[in-house]
Amino acid sequence: MLRPLQELFPAENHPDLLVGLGTPDDAAVWRLDEARALVITTDFFTPVVDDAYAYGAIAAANALSDLYAMGARPLLALNIAALPPDLPSAMIEQIFRGGAEKVLEAGAVVAGGHSIQDKEPKFGLVAVGMAHPDRLLTKSGARPGDRLALTKPLGTGVTATALKRGEAAAADVAEATEWMSRLNETASTLALDIGAKAVTDITGFGLLGHALEMTRASQVSFRLELDSIPFLKGARRYVARGAIAGGTADNRQHFEPEVAFEHGIDDYDRLLLFDAQTSGGLLIAFDPAREAELRQLAVQASQPLWVIGSVVPGEGVSVAAAA
C-alpha cells in the first residue's frame with residue numbers, strides 16, 4: 001500500500017515551507033523572507049465548453065483561483081498543454097490566447113510552459129504568486145460564530161455536462177461561461193480587507209466537499225442555509241434531467257456521510273450542493289461584526305456575494321431547508 005505522501009517527502013519539515021502536504025490548503029507556500037512568500041499551484045483539465053478561447057480563459061482563471069484563495073497576487077504562469085496532433089492550429093492558438101489574456105487580466109505574465117500530444121485536449125497553468133507570510137488565507141482559521149460568504153453561484157458542473165450531452169441552452173452556457181471566466185481577484189481582496197478567518201475556492205469537490213475540508217482543518221462545523229445559496233438559472237433543470245458528472249457522483253458518495261440534510265431537502269438540491277465546479281467562487285469565513293462592511297465593500301467593488309451560513313461548534317456540515 002502506498003504510504004502517505006507526507007512520509008515520502010522530508011522537505012515537508014523545511015522551516016521555509018509554510019504550507020505543503022501537511023495541510024489541505026489550495027497552494028504550496030515558500031517563505032522568501034519576513035515580508036514575502038511565494039505561493040505556487042497547478043491545475044489543468046479537459047474542455048468544459050466548446051469555444052476554444054473560452055476554454056483557455058476558464059482553465060487559466062481556475063488555476064489562478066488557488067492563488068487568490070491563499071491571498072496571493074499572481075506574478076507569472078507556465079502553460080501546461082496536452083493536445084491531439086490533428087487539432088487545428090487555429091483552435092490551439094485560441095486556447096493559448098484565452099489563457100494568456102486571462103493571465104494578463106490578472107496582472108501576471110505567461111513565462112513559458114510545456115506541451116505533449118494526447119488524444120483529448122488538456123490545458124491549464126502552473127501559477128506563481130506572492131503574498132505576505134502573515135496575511136496568508138488558509139482553510140484552518142474558521143471559528144464558531146463566524147459567518148460564511150460565497151462569491152459565485154453553483155451549477156457549472158451540471159451545465160457543462162448538459163452541454164456535452166447536447167441538451168444545454170445557449171443562454172445557460174453563456175451564463176456558466178461568464179462565471180467560470182471571472183477571476184476571484186476582487187473576492188480575494190475583500191477577504192483580506194475584512195480580515196477573513198478562513199478561505200477556499202469551490203472547484204472539483206463541490207460546495208459541500210470544500211466546506212468539509214474547511215471544517216476539518218478548523219475543527220468546527222458549518223451550518224448552511226439552502227435558501228441563501230445561489231445557483232445558475234438552468235442548474236436545477238439539468239440535474240432533473242440527469243446531467244450528473246462523474247465527479248459529482250463521486251463527491252456525494254465520499255462526502256455525504258459527513259453531511260446532515262434537514263428534512264424537506266430533495267435529491268436535486270442535494271446533488272447541486274455536491275456538484276463538481278469549475279473555476280467556482282471563494283467560500284469565506286469572516287467575523288460577523290464585519291458583515292455590513294463586507295456587503296458594502298462588495299457593492300462598491302461590483303463583487304457578487306451571498307452570505308450562506310454560519311460556523312458552529314461540532315463536526316461536519318448541516319444544511320437547513322429553505323424557509
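The values are calculated or read from the model by the stated rules, or taken from the named source; none is laboratory data. These figures come from a predicted structure and were not determined experimentally. Here Cβ is always computed from backbone atoms with ideal geometry, including for glycine, and neighbour counts include all displayed protein chains. Remember, those area values only see protein heavy atoms, side chains included, never the ligands or the DNA or RNA. Shrake-Rupley method; radii C 1.70, N 1.55, O 1.52, S 1.80 Å.
Details
- Highest average packing first - 191-200, 114-123, 312-321, Cβ atoms within 10 Å: 191-200, 312-321, 114-123
- Sequence-distant residues sharing a close amide H with Val312 (under 5 Å, placed H): Gly145, Ser221, Phe222, Arg223
- The alpha carbon centroids of segment 252-323 and segment 9-55 are separated by 24 Å.
- Pairs from the table (Lys152/Lys197; Lys152/Lys233; Lys102/Lys197; Lys102/Lys152) lying more than 24 angstrom apart at Cα are Lys102/Lys197.
- Rounded to the nearest 0.05, the FRET efficiency derived from the C-beta distance between Arg143 and Leu17 at R0 = 30 Å is 0.75.
- Fraction of accessible area attributable to carbon and sulfur, segment 24-163 (%, probe 1.4 Å): 57 percent
- Highest-fluctuation residue, Arg252, Arg73, Arg216 considered, GNM on the chain with Cα pairs under 10 Å: Arg216
- The tail of the calculated P(r) for segment 162-219, taken as Cα-Cα distances beyond 15 Å, holds 66 percent of the pairs.
- Remark on segment 228-287: Rg and Dmax equal 12.4, 40 Å (Cα only).
- Burial ranking of peptide ranges 16-26, 261-271 (average Cβ count within 10 Å, highest at the top): 16-26, 261-271
- FRET efficiency for Lys164 and Glu34, using Cβ-Cβ distance with R0 set to 51 Å, rounded to 0.05: 0.55
- Amide H contacts of Ile265 (H built 1.01 Å from N, under 5 Å, at least 5 apart or other chain): none
- Relative frequency of Cα-Cα separations exceeding 36 Å in the chain, percent: 15 percent
- Candidates Ala127, Ala240, Ala100: whichever shows maximal mean-square fluctuation once the chain is modelled as a Gaussian network with Cα springs under 10 Å: Ala240
- Value of [θ]222 nm, deg cm²/dmol, for the chain, DSSP H segments ≥ 4, -39500 (n - 2.57) each, nearest 500: -10500 deg cm²/dmol
- Once both labels are positioned 7 Å from their Cα atoms along Cα-to-Cβ, the gap between Ala240 and Ala260 label points is 3.1 nm.
- Accessible area per residue in Å² at 1.4 Å probe, computed on segment 102-249: 39 Å²
- Share of carbon and sulfur in the accessible heavy-atom surface of segment 184-274 [1.4 Å probe, %]: 46 percent
- Label zone at Ala321, where the point sits 7 Å out along the Cα-to-Cβ direction: segment 262-292 residues whose backbone N lies under 11 Å: 262-266
- Considering only Leu83, Leu282, Leu224, the Gaussian network model of the chain with Cα springs below 10 Å gives its largest mean-square fluctuation to Leu83.
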